[in-house]
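Worksheet: the structure to be examined is printed underneath.
Read-outs: derived from the displayed coordinates by stated rules, not from any lab. The structure displayed is predicted, hence computed values, not measured ones. Note that we place each Cβ from the backbone using ideal geometry, even for glycine, and neighbour counts take in every protein chain shown.
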């Protein structure tokens, strides 16, 4: 089995009093959060910021302390079975920045969606679970 390690973030904003989550539409067809491989010379915090910047162009994020989730799954490629461990943080975009997708080979679009719609749109069950945990955390801790 081949092990892979990635880091990313569940990004949200407040738009007209409603919390909306950013989902990326990957060229493979699924919808998920911005994330990417942890490089050898990076720590997980550096990876998260770099990946968000590369994939969305967003830079003015405020990370929510005390939220960090692991999302693990297995998948098949031509070279065998891969096990991926993704560390996901929670971050709010404070300024009204425009999303600018990076590589067109990786993403074909994005959407800001309220929680219920985001939960329906996220493709994989493990990503849905992490989104549920993020929403519960924000509601429990009285974040807008």
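General observations
- Debye-sum result for the stretch 1-74 in log10 I(q)/I(0), which assumes one identical scatterer on each alpha carbon, at q = 0.18, 0.27, 0.28 Å⁻¹: -0.82, -1.51, -1.53
- Over 13 Å [Cα-Cα, the stretch 32-80], rounded percent: 69
- Rounded to 10°, Cα long-axis angle of helix 44-56 versus longest principal axis of the chain: 80
- The angle between the Cα long axis of helix 125-140 and the longest principal axis of the Cα atoms of the chain comes to about 30 degrees, rounded to the nearest 10.
- At R0 = 25 Å, FRET efficiency that the Cβ-Cβ distance of residue 77 and residue 54 yields, to 0.05: 0.70
- Each DSSP beta bridge with both residues in the chain is either parallel or antiparallel, and the antiparallel ones are about 70%.
- Descending principal axes extents, the chain, alpha-carbon based, whole Å: 47, 30, 28
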